[in-house]
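Worksheet: the structure to be examined is printed underneath.
Please treat every number below as a calculation from the coordinates, not as lab data. Since this is a predicted model, take the numbers as computed values, not measurements. Neighbour counts are summed over all protein chains in view; Cβ atoms, including those assigned to glycine, are modelled from backbone coordinates with ideal geometry.
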Amino acid sequence: MIHLLRKDGQEDLCFALYQPCTGGTRFTGIIREIILPLPGERQVHGNVSFNPEYFDRVLELALEKQCGVCFLHSHPTSGWQNMSSDDIIAETEMAPRIRAYSKLPLLGMTVGTDGAWSARFWVKDSPGKYGLYWCATTRVVGKKLSITYDDRLLVPPVLKEQFARTISAWGPQKQQMIARLHVGIVGCGSVGSVIAEALLKTGVRQITLIDFDTVELKNLDRLQGIGKKSIGRLKVYVLQEHLHSQDISDDVEIHAIPYSIVEETGYRAALNCDLLFSCVDRPWPRFVLDAISQANHIPVIDGGIETSTKVDHSNIDQARWKAHTCGPERACMRCIGQYDVEDIGVEQAGLLDDPSYISNLPKDHFIHRGENVFIFSVSVGSMELQQFLSLLLQQRRQYYGPKEFDFNSGMIDEDFPFACKSDCDIATLLSGGDGVNAVFISQHVIAEDRRKAAKSKWQAFISYCLRKTRQYFGFFTALF
């Protein structure tokens with residue numbers, strides 16, 4: 001950014017390498033490495049040009065590192081940048097050679113004077129012909145999340161009366177940014193259901209729900225908007241129906257994904273999102289979400305609750321809940337202590353759902369904790385939503401790090417690392433994209449079993465309805 005936005009106001013350029021990130025419906029280029037020009041490799045003269053030697057050096061690096069090529073340059077105006085005829089000619093000429101070397105399309109990016117980015121891919125449509133495809137969004141991820149939208153592809157929402165009080169808090173520009181986010185919620189239990197409804201009523205128009213589990217009787221004391229009639233059904237569908245029933249806006253899209261985040265469908269759905277909420281309480285999905293945040297530059301907001309009762313069960317002994325944001329320039333869940341690596345393999349083997357194995361675990365093991373008190377879930381959900389707003393609004397240039405609330409003292413602890421440890425394995429995944437994504441996708445037997453059970457119950461219900469309908473019409477026919 002500093003290289004491109006010159007103090008003398010002239011345009012400048014450079015190249016970068018990118019890794020692709022392939023979601024279920026979204027293709028993203030993740031900038032992995034900036035390649036600045038060496039002395040004499042480019043000329044600044046109001047506009048800017050580069051020498052063949054610079055371009056050839058970039059192509060060789062792309063081939064060596066198996067990355068795509070990104071061409072970045074600056075324009076002397078603000079906001080989303082379109083392309084001049086010279087820009088189009090330059091990128092059209094580069095696209096064939098770049099694809100020949102990298103097997104990936106050229107990614108072109110332009111930055112305005114206010115730091116707003118625009119982006120496009122040059123895709124081979126037919127022999128010798130490359131089509132220009134604009135990106136709907138560009139994201140800069142770190143301590144804050146900055147997003148620029150192409151208003152032609154993601155039209156700014158009409159600011160409706162039902163959101164008037166919300167808009168008054170931070171203004172129409174921020175509201176239009178928030179409303180156009182695609183937010184994923186992984187885990188639709190006590191915390192996830194609260195966050196989903198809060199996002200809907202904050203004006204977020206596109207929400208993806210990812211969870212393989214079904215509603216059980218023991219869930220009903222902590223699921224937002226869900227009652228007895230939903231027992232046995234998949235949580236994502238029940239929550240989807242509940243959100244639609246709020247009828248707060250007519251342009252809302254709620255995607256229900258009845259898969260685990262570790263499964264192909266769930267994982268790819270997460271990669272479609274601008275931001276993810278981690279509302280899970282197991283080590284395996286947390287580990288996968290940790291990897292997603294770093295490898296794909298998708299911020300993950302995670303939270304957790306820990307409670308214990310007195311020995312005689314006469315009262316609560318202690319309770320704490322924590323919220324934090326993971327991703328580039330931030331500490332991962334592993335470094336903060338949100339899961340233990342040794343528990344991942346245990347869960348993958350299905351042992352954390354095996355009663356005989358669980359019975360032999362220490363009493364202080366997380367699997368024994370009775371931490372799903374709805375009031376506490378609302379509290380941790382609130383802390384996660386505060387992380388969400390801080391990441392986007394950057395109020396007074398403040399960026400929240402991890403925060404933990406102590407229920408007994410009423411104090412909030414902020415003494416946590418903002419960055420990963422020097423030997424962190426998760427941090428090495430940074431910008432890995434599709435180069436590492438496949439490693440974290442797996443089969444999840446328990447998720448498959450839950451879907452089958454839910455389908456069987458639904459089929460039984462349909463059969464019952466059909467049988468009663470036939471009986472009714474049979475009786476009606478007999479009368480005549």
Next on the checklist: To test your reading of the geometry: what angle, between 0 and 90 degrees and rounded to tens, separates the Cα axis of helix 445-479 from the longest principal axis of the chain?
Outcome noted: 60
Next on the checklist: Just to confirm the number: angle between the C-alpha axis of helix 190-200 and the first principal axis of the chain, 0 to 90 degrees, nearest 10?
Outcome noted: 50
Next on the checklist: Under 19 Å from a point placed 7 Å out from the Cα of ARG97 along the Cα-to-Cβ direction: which residues of region 29-60 have their backbone N that close?
Outcome noted: 35-44, 48-60
Checklist outcome for this item: Between GLN206 and residues 5 or more places away or on another chain, the pairs with built amide H atoms under 5 Å apart involve VAL183, GLU253
Checklist entry - Along the Cα-to-C-beta direction of ILE446, a point sits 7 Å from the Cα; which residues of region 205-219 have their amide N less than 12 Å from that point? => result 212-214
Checklist entry - With each label point set 7 Å from Cα along the Cα-Cβ vector, what nm distance links ILE89 and LEU132? => result 1.4
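Relative to the compact globular guide of 2.2 N^0.38 Å, what is the alpha carbon radius of gyration of region 13-135, as a ratio? Present the calculation step by step, with values, prior to reporting the outcome.
On the way: Rg = 13.9 Å, N = 123, 2.2 N^0.38 = 13.7 Å.
Normalised Rg, Cα atoms only: 1.02.
Report the percentage of all Cα-Cα pairs in region 161-443 whose separation exceeds 35 Å, rounded to a whole percent.
Values: 5670 of 39903 pairs.
Here the long-distance tail beyond 35 Å is 14 percent of all Cα pairs in region 161-443.
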Item to check | For the chain: span of alpha carbons on each principal axis (Å, largest first) | outcome: 83, 71, 48
Item to check | Förster radius 51 Å - calculated FRET efficiency between SER49 and VAL341 (Cβ-Cβ, nearest 0.05) | outcome: 0.50
Next on the checklist: I'd like the distance between the alpha-carbon centres of region 408-438 and region 40-103, rounded to an integer number of Å.
Outcome noted: 33
Item to check | Point-to-point label distance, THR428-VAL158, nm (Cα→Cβ direction, 7 Å offset) | outcome: 5.4
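Local charge sum around GLN386 (other residues, Cβ-Cβ under 14 Å, Lys/Arg +1, Asp/Glu -1)?
On the way: positive: LYS322, LYS403; negative: ASP302, GLU384, GLU404, GLU414.
Local net charge: -2.
Filter LYS218/LYS452; LYS310/LYS363; LYS65/LYS103; LYS235/LYS452; LYS144/LYS421 down to the pairs with a C-alpha to C-alpha distance above 18 Å, please. Walk me through the numbers before you get to the answer.
Values: LYS218/LYS452 20 Å; LYS310/LYS363 13 Å; LYS65/LYS103 12 Å; LYS235/LYS452 14 Å; LYS144/LYS421 20 Å.
As for pairs spanning more than 18 Å Cα to Cα, those are LYS218/LYS452; LYS144/LYS421.
For Cα pairs less than 8 Å apart in space and 6+ apart in sequence, what is the mean separation divided by the residue count of the chain, i.e. the relative contact order in percent? Before the final figure, lay out each step's value.
Working: 894 pairs, mean separation 64.2, N = 480.
Result for the chain is 13 percent.
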Next on the checklist: Angle check, please: helix 283-295 long axis (alpha carbons) against the longest principal axis of the chain (alpha carbons), in degrees 0 to 90, nearest 10.
Outcome noted: 20
